[in-house]
Amino acid sequence: MRSSMAEPARPVPHRPGAVSLFFVVKAGVFALGCWIWLLVLVLGEDAASGAHVFAATGATTTTLVGVLLGVRLAIQRNAAVRHAELKRLLVDISWNAFTAAGNAEHSGQVVPFPTLPPDSERLTLLDRGDRGRGGGSDRRR
């Protein structure tokens, strides 16, 4: 049974992912390859050589890059979720204020939306008198 007041479908919030996730996976694959290469070199030879150092450096670097990119992706996703929630709350607040203004019995209960005063009530810089900086007043501080 469907209710007559169904919740409107909300758009899915922006979630960073496809490109960032690609680079996280790519760094993970390179790290795995370097760690396997280092393992093969260590098990196959007795003496450490330049290839061992190169494989160890590559394994360490790509692992750290993968971890940093993964952390960055998690932070971006978390921020996107918080941003979507904040936008939803702002829309709910503005909608509630709009409906409260429409349902008010007396206009004095609702704060009106600010508008510009008519041209006759506007103050110009010349009309401000002594309220402005040096606006014709001899008053000293």
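What follows draws every value from the coordinates through simple rules; no lab data is involved. The shown structure was predicted, so the numbers you read here are calculated from the model rather than taken from an experiment. FYI the Cβ positions are ideal-geometry reconstructions off the backbone, even for glycines, and counts take in every protein chain you see.
Tabulated values for the structure
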| item | result |
| --- | --- |
| Per-residue ³J(HN,Hα) for segment 45-59, Karplus 6.51 cos²θ - 1.76 cosθ + 1.60, θ = phi - 60°, Hz, x for Gly and Pro | 10, 8, 9, 6, 10, x, 5, 5, 5, 5, 5, 5, 5, x, 5 |
| Radius ratio Rg over Rh of segment 23-73, counting only Cα atoms, Kirkwood formula for Rh | 1.08 |
| Local net charge near Val65, Cβ-Cβ under 12 Å (Lys/Arg +1, Asp/Glu -1) | +2 |
